[in-house]
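The values are calculated or read from the model by the stated rules, or taken from the named source; none is laboratory data. Bear in mind the structure is a predicted one, so any value in this text is a computation, not a measurement. Positions of Cβ are backbone-derived with ideal geometry, glycine not excepted, and every protein chain shown enters the neighbour counts. We work out accessible area using only protein heavy atoms, side chains counted, and drop any ligands, DNA or RNA first. Shrake-Rupley method; radii C 1.70, N 1.55, O 1.52, S 1.80 Å.
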Amino acid sequence: MNILIPDLWLREYLKTKATPEQIKEYLSLCGPSIERIYGEGDEAVYDVEVTGNRPDGMSVMGVAREAATILPRFGVAARLTGNPYQSNAVFPKTQNKLPLTIKTDSVLNPRWTSVIFDNVTIKPSPMWLSQYLELAGIRSLNNVIDITNFLMRAYGQPAHVFDYDAITGHTMTLRTSTKGEKLVTLDGKKHKLAGNDIVIEDGTGLIDLCGIMGGENSAVKENTKRVVLFLQTYDPSHIRKTSMSLGHRTEAASLFEKDLDTELVKPVFLKGIAMMAELTGGKIASKVTDIYPQPYKADSISVPLSKIHSYIGNIMNKEIKKILSSLGFPVTLTRDTVS
């Protein structure tokens, strides 16, 4: 998968004096391949190829994390800032003003987060946001949609917004489709589903082809005043099967089919809440919903130092710890093992 990353955006998370050419050379040697750098006005844009087994690298933050670890190996100082995994932010205080009944399935949808905003103003995005997206090859549409695209490219976590008033009965039920059900997606394409696709329905019909694209009938419009901000993860095999059978490939589908990290949802959701409040003027008008019945539990792995040395040579223990720590791993070193 190739993504475009403006140098300007990358340096929001990567603090370094490395030139774009150095970043291209050193990352291509050890991590994601930067196939080319091209100029867009006065800005450099990286065309980055990330292999399919590295969904954690399919974002600006993911590439910045790699660079913060790789560049120092070549004598170039670099550090990561704004790491979402180090965020201590908590859900904001809310008003339970607007109701929304949610029914989901923990196998199809390991984590669901959502919140309703009232009194939002749909308008063009500020220049900095439009510039980031346009340089990254994403068309700027309006402040609300641009926020979701920002979150997806910045963190590799797709997001979606629904027009709250277009949700019949203010009910959202996530389930698998039945054969022959129909949905028109945001791009105007009409889909007849084969069945067993992950979908969301309201009180009258389907409103979302989950993990791929939202429904046209629940889309945010110019006169929309109340929206549901929605971040989630899905069973990856369902998303890939639906995307391939319909021939409907989107960046969201390319991410969701690779089994995204459920632990990334909360910090990115909180960033989305902050951006919605700042850029739309909207106010939270519901409780924050976070349905996460099976929280992730990290595995602990121990590796003999002798095995590491046999693969990559006699690397100093302090370098092992420095490299792993810079990638976000808690590290314990003993005389014989690293864990």
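The table below lists the values:
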item: Positions within region 15-26 being in a loop (DSSP other than H, G, I, E, B) and either open to solvent by less than 40 Å² (accessible area, probe 1.4 Å) or not polar (S, T, N, Q) (or both), in sequence order; result: K17, A18
item: Residues satisfying the stated conditions in region 253-270, i.e. part of a helix (DSSP H, G or I) and either in contact with a Phe, Trp or Tyr (Cβ under 6 Å, 6 or more places away or on another chain) or closer than 19 Å to S177 by Cα (or both); result: A253, F256, T262, E263, V268
item: Residue, surrounded by the fewest Cβ atoms within 10 Å (Cβ to Cβ), within region 183-204, restricted to residues that are on the phi > 0 side of the Ramachandran plot and in contact with a helix residue (DSSP H, G or I) (Cβ under 9 Å, 6 or more places away or on another chain); result: G188
item: Verdict on L29 being open to solvent by 50 Å² or more (accessible area, probe 1.4 Å), over 16 Å from A64 (Cβ atoms), outside any loop (DSSP other than H, G, I, E, B) and among the hydrophobic types (A, V, I, L, M, F, W, C); result: yes
item: Looking only at region 2-14, and only at residues there that are of a type outside the set (A, V, I, L, M) and touching a Leu at 6+ places or on another chain (Cβ under 8 Å), the one that is surrounded by the most Cβ atoms within 10 Å (Cβ to Cβ); result: W9
item: Selected residue (only one of S300, S306, S243 is at pLDDT below 95 and either in contact with a strand residue (DSSP E or B) (Cβ under 9 Å, 6 or more places away or on another chain) or part of a helix (DSSP H, G or I) (or both)); result: S306
item: Some residue of region 77-84 being of a type in the set (D, E, K, R) and crowded, with 20+ Cβ neighbours inside 10 Å; result: no
item: Residue that is under 14 Å from L327 (Cα atoms) and in contact (Cβ under 8 Å) with a residue 24 or more places away in the chain, where the choices are E66, E49, E40; result: E66
item: Within region 136-158, tally of residues that are of a type outside the set (S, T, N, Q) and either over 18 Å from the mean Cα position of the chain (by Cα) or surrounded by fewer than 18 Cβ atoms within 10 Å (Cβ to Cβ) (or both); result: 3
item: For S177: the one exception among (1) surrounded by 21 or more Cβ atoms within 10 Å (Cβ to Cβ); (2) touching a residue at least 60 places away in the same chain (Cβ under 8 Å); (3) not hydrophobic (A, V, I, L, M, F, W, C); result: (2)
item: Residue satisfying condition, being crowded, with 21+ Cβ neighbours inside 10 Å and assigned to a helix (DSSP H, G or I), within set V45, V63; result: V63
item: Within region 182-237, strands (runs of 3 or more DSSP E) holding 2 or more residues that are closer than 21 Å to D165 by Cβ, of a type in the set (A, V, I, L, M) and modelled with pLDDT of 95 or more; result: 182-184, 198-201, 206-209, 227-233
item: Residue selected from region 66-76 under the condition touching a Phe, Trp or Tyr at 6+ places or on another chain (Cβ under 8 Å) and open to solvent by 30 Å² or more (accessible area, probe 1.4 Å), by the criterion modelled with the highest pLDDT; result: F74
item: Residues (among the hydroxyl-bearing types (S, T, Y) and open to solvent by 100 Å² or more (accessible area, probe 1.4 Å)) located in region 307-322; result: Y311
item: Residue satisfying condition, being surrounded by 21 or more Cβ atoms within 10 Å (Cβ to Cβ), out of contact with any Gly (no Cβ under 8 Å at 6 or more places or on another chain) and not acidic (D, E), within set S114, S87; result: S114
item: Members of region 48-60 found to be over 19 Å from N83 (Cα atoms), open to solvent by less than 40 Å² (accessible area, probe 1.4 Å) and at pLDDT 95 or above, listed by number; result: V48
